[in-house]
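*Asks:* Okay, here's the structure, questions in a sec.
The values are calculated or read from the model by the stated rules, or taken from the named source; none is laboratory data. Predicted model, so just to flag it, every value in this text is computed and none were measured. We place every Cβ from the backbone using ideal geometry, glycine too, and count neighbours over all the protein chains shown. Note: accessible area is taken over every heavy atom of the protein model, side chains too, but ligands, DNA and RNA are not part of it. Shrake-Rupley method; radii C 1.70, N 1.55, O 1.52, S 1.80 Å.
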Amino acid sequence: MGNYKNIFSSTFPSMLDQVEKTCESMMQKLEELFGCPLKKSFDLKLLFFESMNNAIIHGNKNDNNKLVKVDLLISDKYLLFKVKDEGVGFNWKERINSISDVNNQDGRGFEIFKIYADKIEYNEDGTSLSIYVKIN
């Protein structure tokens, strides 16, 4: 999907208060880069929050001794957001096409990713997620 330039990186302990700080830093970086708020600001914030929360809650099991690593990259057509946790992973192949119950918060991330991302990829063991969003 093109050549990417890393515009933001952060590694932080698995504490939910770090998610908002990291999200705001990424949005500020994007606004600096583009000179104005993006049309897809809501979409991006939702994707950032959901994926980082999942890494902390489901991946690292809220263990603040474990870290979450995020990278935000850009190409001429896409933003690429990568999130990696230090958990044991999960079988994303079994869950990626399942439909979550609207009353159950478990599985909500998959629905959000399907709606707001142009493409998602997991590594084999499910500890790393890459989210692609078109920027044009």
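*Asks:* Pairs to check: K40/K84; K21/K61; K5/K40; K61/K84; K5/K82. Give those whose C-alpha atoms are more than 18 Å from each other in this structure.
*Replies:* Values: K40/K84 23 Å; K21/K61 20 Å; K5/K40 20 Å; K61/K84 13 Å; K5/K82 13 Å.
Pairs exceeding the cut-off: K40/K84; K21/K61; K5/K40.
*Asks:* Can you sort K5, K45 by solvent-accessible area, 1.4 Å probe, largest first? Don't skip to the answer; put the middle values down first.
*Replies:* Working: K5 135, K45 75 Å².
The residues order as K5, K45, largest area first.
*Asks:* Further question on the same structure: Using just the helices of the chain, give the 222 nm mean residue ellipticity in deg cm²/dmol: DSSP H runs with n ≥ 4 each add -39,500 (n - 2.57), and the total is spread over all residues, rounded to 500. List each step's numbers first, then the result.
*Replies:* Working: 4 runs with 45 residues, N = 136.
Per the formula, -10000 deg cm²/dmol.
*Asks:* Still on this structure, please answer the following. Under 10 Å from the Cβ of I131, count the other residues' Cβ atoms, weight Lys and Arg +1, Asp and Glu -1, and hand me the total.
*Replies:* On the way: positive: K82, K119; negative: E50, D118, E121.
Once all neighbours under 10 Å are counted, the net charge is -1.
*Asks:* Still on this structure, please answer the following. If ligands, DNA and RNA are left out, what is the accessible area of D17 with a 1.4 Å probe, given in Å² to the nearest 10?
*Replies:* Counting only protein heavy atoms, the figure is 80 Å².
*Asks:* Under unit Cβ charges (Lys, Arg +1; Asp, Glu -1), what dipole magnitude, rounded to 20 debye, does the chain have relative to its Cα centre?
*Replies:* Charge dipole of the chain: 340 debye, to the nearest 20.
*Asks:* If you don't mind, there's one more thing I want to ask. Could you bin all the Cα-Cα distances of the chain into 5 Å bins starting at 0 and give me the percent of pairs in each, rounded to whole numbers?
*Replies:* Taking all Cα pairs of the chain, the binned fractions are 2, 10, 21, 24, 21, 14, 6, 2, 0 percent.
*Asks:* Can you work out the FRET efficiency for the pair N136 and N65, with r the C-beta to C-beta distance and R0 = 41 Å, to the nearest 0.05?
*Replies:* Result of the calculation: an efficiency of 0.50.
*Asks:* Whenever you get a sec, compute what percent of the accessible area on the range 24-136 sits on carbon and sulfur atoms (1.4 Å probe).
*Replies:* Details: 3200 of 6510 Å².
Heavy-atom surface of the range 24-136 belonging to carbon and sulfur, 1.4 Å probe: 49 percent.
*Asks:* With all protein chains present and a 1.4 Å probe, how do K119, K61 order by accessible area, largest first?
*Replies:* K61, K119
*Asks:* While we're here: Any idea which of A117, L33, I56 is furthest toward the positive side of the dipole for the chain, if Lys and Arg beta-carbons carry +1 and Asp and Glu beta-carbons -1?
*Replies:* In the chain, that residue is L33.
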